[in-house]
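**Student:** Here it is: the structure, laid out below.
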Amino acid sequence: MTIHASRRDVLKGGGALVVSFSLAGAVGETLAQGAKPLALTEVDSFLAIDAGGVVTLYSGKVDLGTGVATALPQMVADELDVPLNRVKLVQGDTALTPDQGSTWGSLSIQIGGMQLRNAAATAKAALLEEAAKRLGAKQDELKVVDGVVSAGNKRVSYGELVGGKSFALKLDHTKPAAGKDPKDYKLVGKPVPRVDIPDKVTGRFTYMQDFSVPGMLHGRVVRPPAIGATLESVDEASIKDVAGVVKVVREGNFLGVVAESEWGAIKAAEKLKASWSKSQTLPDAAKLWDEVRASKVVKDEVTSNVGNTAEAMGQAGVKMLKATYDFAIHTHGSIGPSCAVAEFKDGKLTSWSSSQATHNLRKQLATMFGMGADGVRCIYIEGSGCYGRNGHEDAAADAALLAKAVERPVRVQWSRADEHGWDPKGPPTLVDIRAAVDGDVVTAWESEFFIPQQTAGSFNVPLIAATLAGMPAGDDIAPGNIFQNSAIPYKFANVKTVCRRLATTPFRPSWIRTPGRMQNTYANECFIDELAAAANADPVEFRLKYLDPNDKRGIEVLNRAAALAKWDKRPSPKRDQRGDVVTGRGVAYCKYELARTYIAAVAEVEVKRSTGDIRVTKFYLAHDCGQIVNPDGLRNQLDGNVIQTISRTLIEELKYDRSAVTSLDWESYPILRFPQIPELVYDLIDRPSERPWGAGEPAAAVVPSAISNAVFDAIGVRLRSVPFRPDKVTAAMKGAA
């Protein structure tokens with residue numbers, strides 16, 4: 001169960017917060033002063049047990065539709081030995097939940113879950129110590145069932161033990177408390193049904209798009225017709241006939257309307273006449289890659305450097321191979337456009353949104369309005385779609401600016417055109433790779449990744465409303481850690497990988513699912529396949545030849561993917577295929593960030609030669625993320641990873657002219673449809689004794705390269721430009737003829 005608690009709910013009586021084993025400094029005194037513990041070093045920051053034994057978890061990591069609202073309670077319920085239905089979750093509320101970092105990078109279980117597990121283990125140890133005293137027993141004589149501690153025929157519940165005060169216990173996440181032996185888990189590792197699904201499939205779930213507060217008005221932003229355009233004039237009389245208009249809000253180049261109803265706000269925004277300057281700041285879309293290559297480089301970031309590649313490539317008799325890959329600009333394409341509600345009251349701002357980084361958003365809104373961070377509270381409510389930093393934070397800034405202007409709470413619901421046109425984009429990626437081959441041995445590998453810079457120490461994407469209004473916004477560039485997986489897992493004698501960090505990129509960038517790891521793995525795994533083909537070697541065997549022999553988990557996941565797909569061991573491409581529709585299979589491998597989750601995939605495709613259409617018919621995936629908390633939830637994540645990335649690989653591409661985005665709807669920015677979804681087959685490698693790693697992103701990393709390699713196997717031509725549109729396929733076949 002996920003709950004949205006007010007500070008008042010937490011502070012008021014009734015044993016709502018945990019009891020303390022230390023009467024000195026009891027949390028009640030602190031709460032009376034209006035502050036719940038939030039430090040990462042306090043048990044009370046993470047969990048509470050009331051007098052009835054109900055456990056409340058406070059998680060800074062939030063459920064983006066990823067299932068962690070089930071998995072996190074699973075971990076804690078198992079650690080505490082309480083029923084899962086007696087665990088409640090409060091998430092992403094800056095007044096109540098600790099700042100565990102943004103919900104990104106597949107770290108919700110790996111970091112957030114492990115912190116909660118540590119808090120639960122620490123709390124349980126204290127509970128058992130107190131129970132032993134209360135029952136007059138030794139700790140090794142105690143048993144815990146459903147939150148009740150017993151010794152013989154004597155028993156005491158957690159609720160009776162805690163009695164309404166805080167734990168007042170410290171945490172050290174670098175040296176976590178001894179937890180339950182994995183062999184004793186009753187919930188972890190089991191396919192516990194997701195707690196959110198019943199309400200979602202029956203229409204009872206409250207998404208951010210459904211949320212409201214009393215006295216709420218509705219706002220819409222009138223967007224500039226061009227990026228960088230200046231607002232010259234506004235004719236407020238043009239909407240005098242629209243019923244229910246409360247105010248036209250103009251701040252610099254920010255223009256918005258507030259009305260009593262959402263429909264009134266929509267009509268007012270449509271009819272409001274405004275004059276804007278012309279602006280053409282975007283590059284010619286047909287020359288995007290020339291623009292990227294010509295962009296100013298502010299830093300060459302060397303991500304790996306082994307041996308001497310220049311010397312190896314200069315050796316007499318070596319054969320040089322090279323290729324260039326590009327990956328298109330993508331929008332997040334959230335199914336439900338962004339939405340937020342904001343209210344200024346008594347000089348303080350409350351913002352409800354689907355931000356995956358409420359603690360960061362709090363700081364940005366405080367900066368925007370010149371307030372202290374303690375005057376801003378950001379509360380997470382799950383949105384209908386996320387996939388990274390989309391428009392949620394921008395909708396929150398829109399709502400806040402309008403709410404301040406009218407001194408009432410305001411809801412801003414973005415339109416589809418807002419979402420496609422104004423959310424930050426996954427930036428374009430251009431990659432050059434070359435290798436030296438001496439006989440049947442790869443002696444050197446060099447690569448250059450042309451990617452935008454990342455502002456040091458900041459992952460704050462500037463808020464559109466603040467920028468347009470001339471309010472403090474910053475000019476950070478925050479595409480995310482897109483250098484990751486530029487280095488390769490293969491042990492060639494000489495390797496040098498360099499990220500050429502660019503000063504600019506055409507659109508305001510942000511992270512979108514598997515940022516950098518997907519694009520970089522795509523190039524690397526396509527090129528390793530090209531090397532295998534040049535050596536007339538089986539693609540799986542070629543990879544195994546160069547993987548670190550000490551990395552047993554990497555070798556295992558690649559072998560298990562091949563076994564799962566009943567891999568046809570032979571070189572690519574497949575020989576002697578006849579007919580218009582031909583088939584192929586391709587493999588790809590990734591060790592995520594070269595540090596955690598292992599993934600290997602095999603894609604099976606059909607290619608229609610006459611049209612260039614590609615259909616992925618089957619997709620096999622072997623996945624090792626260590627300890628699996630919920631295998632059903634993991635499958636949900638893999639489904640989303642694979643299906644969304646097939647869409648991004650085959651179809652999705654931002655369209656724009658010199659002034660603005662032009663792909664403002666699903667017709668101009670199409671995505672994968674249900675009939676195009678392939679059969680998905682998984683091998684989930686569970687390692688209960690290992691720490692859990694993430695699963696929200698890694699599987700997406702191998703999808704584009706597996707498909708590209710499968711297409712090569714089918715038709716004998718390489719696809720080096722995402723998306724793999726039919727016209728690119730037919731052009732590649734003509735070029736190879």
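**Student:** Only one of (1) in contact (Cβ under 8 Å) with a residue 24 or more places away in the chain; (2) more than 26 Å from Val722 (Cβ to Cβ) is not met by Thr467, so which one is it?
**Tutor:** Of the numbered conditions (1) in contact (Cβ under 8 Å) with a residue 24 or more places away in the chain; (2) more than 26 Å from Val722 (Cβ to Cβ), the odd one out for Thr467 is (1).
**Student:** Further question on the same structure: Testing Leu142 on (1) touching a residue at least 24 places away in the same chain (Cβ under 8 Å); (2) open to solvent by 20 Å² or more (accessible area, probe 1.4 Å); (3) touching a Ser or Thr at 6+ places or on another chain (Cβ under 9 Å), one condition comes back false. Which one is that?
**Tutor:** Just one mismatch for Leu142, condition (1).
**Student:** Also, quick follow-up: Output the number of the condition that Ala563 fails; it satisfies all remaining conditions of (1) farther than 25 Å from Ala710 by Cβ; (2) hydrophobic (A, V, I, L, M, F, W, C); (3) surrounded by fewer than 18 Cβ atoms within 10 Å (Cβ to Cβ).
**Tutor:** With respect to (1) farther than 25 Å from Ala710 by Cβ; (2) hydrophobic (A, V, I, L, M, F, W, C); (3) surrounded by fewer than 18 Cβ atoms within 10 Å (Cβ to Cβ), Ala563 is out only on (1).
**Student:** Looking at (1) farther than 23 Å from Ile227 by Cα; (2) part of a loop (DSSP other than H, G, I, E, B), which is the one condition that is false for Thr649?
**Tutor:** (2)
**Student:** Could you say whether any residue in segment 414-422 is in a helix (DSSP H, G or I) and polar (S, T, N, Q)?
**Tutor:** no
**Student:** In segment 519-538, is there at least one residue being open to solvent by less than 30 Å² (accessible area, probe 1.4 Å), aromatic (Phe, Trp, Tyr), more than 28 Å from the chain's Cα centre (by Cα) and not assigned by TED's automatic domain parsing to the domain that holds Phe492?
**Tutor:** The answer is no, given that none of the residues of segment 519-538 is open to solvent by less than 30 Å² (accessible area, probe 1.4 Å), aromatic (Phe, Trp, Tyr), more than 28 Å from the chain's Cα centre (by Cα) and not assigned by TED's automatic domain parsing to the domain that holds Phe492.
**Student:** Let me ask another. Identify, from the list Ser212, Ser166, Ser233, the residue that is open to solvent by 40 Å² or more (accessible area, probe 1.4 Å) and more than 28 Å from the chain's Cα centre (by Cα).
**Tutor:** Ser233
**Student:** Condition check: within 24 Å of Gly694 (Cα to Cα) and either open to solvent by 30 Å² or more (accessible area, probe 1.4 Å) or part of a loop (DSSP other than H, G, I, E, B) (or both). Does Gly113 satisfy that?
**Tutor:** Considered against the rule, which asks whether it is within 24 Å of Gly694 (Cα to Cα) and either open to solvent by 30 Å² or more (accessible area, probe 1.4 Å) or part of a loop (DSSP other than H, G, I, E, B) (or both), Gly113 comes out as no.
**Student:** Filter segment 285-314 for residues that are in a loop (DSSP other than H, G, I, E, B) and under 30 Å from the mean Cα position of the chain (by Cα) and give the result.
**Tutor:** Residues satisfying the conditions are Ser295, Lys296.
**Student:** If you don't mind, another one. Among (1) assigned by TED's automatic domain parsing to the domain that holds Pro698; (2) farther than 26 Å from Tyr387 by Cβ, which single condition is Thr497 missing?
**Tutor:** With (1) assigned by TED's automatic domain parsing to the domain that holds Pro698; (2) farther than 26 Å from Tyr387 by Cβ applied to Thr497, the lone miss is (1).
**Student:** Still on this structure: Within segment 369-394, track down each residue that is surrounded by 23 or more Cβ atoms within 10 Å (Cβ to Cβ) and among the basic types (Lys, Arg).
**Tutor:** Residue satisfying the conditions is Arg389 alone.
**Student:** Going through Arg500, Arg513, Arg553, Arg543 one at a time, which residue ends up being in contact with a strand residue (DSSP E or B) (Cβ under 7 Å, 6 or more places away or on another chain), among the charged types (D, E, K, R) and open to solvent by less than 10 Å² (accessible area, probe 1.4 Å)?
**Tutor:** Arg543
**Student:** Next question. Looking only at segment 599-625, which residues are of a type outside the set (A, V, I, L, M, F, W, C) and open to solvent by less than 10 Å² (accessible area, probe 1.4 Å)?
**Tutor:** Gly612, His623, Asp624
**Student:** Tally the residues that are in contact with a strand residue (DSSP E or B) (Cβ under 6 Å, 6 or more places away or on another chain) and polar (S, T, N, Q), restricting the search to segment 659-717.
**Tutor:** Count: 3.
**Student:** Identify all residues within segment 268-287 that are touching a strand residue (DSSP E or B) at 6+ places or on another chain (Cβ under 8 Å) and open to solvent by less than 80 Å² (accessible area, probe 1.4 Å); write none if there are none.
**Tutor:** Ala268, Ala269, Leu272, Ala274, Ser275, Trp276, Ser277, Leu282, Ala285, listed by residue number.
**Student:** Could you list, in sequence order, the residues of segment 19-64 that are of a type in the set (Val, Ile, Thr), open to solvent by 40 Å² or more (accessible area, probe 1.4 Å) and at pLDDT 95 or above?
**Tutor:** Listed by number, the list holds a single entry, Thr41.
**Student:** Could you list all residues from segment 450-464 that are touching a residue at least 40 places away in the same chain (Cβ under 8 Å) and of a type in the set (S, T, N, Q)?
**Tutor:** Gln453, Gln454, Asn460
**Student:** Next question. Are there any strands (runs of 3 or more DSSP E) wholly within segment 148-254 with 2 or more residues that are closer than 30 Å to Leu128 by Cβ, and if so which?
**Tutor:** Those strands (runs of 3 or more DSSP E) span 148-151, 154-157.
The values are calculated or read from the model by the stated rules, or taken from the named source; none is laboratory data. Note that this is a predicted model, so its numbers are computed, not measured. Cβ atoms come from the backbone with ideal geometry, glycine included; neighbour counts cover every protein chain shown. Ligands, DNA and RNA are excluded from the accessible area calculation, which covers all protein heavy atoms including side chains. Shrake-Rupley method; radii C 1.70, N 1.55, O 1.52, S 1.80 Å.
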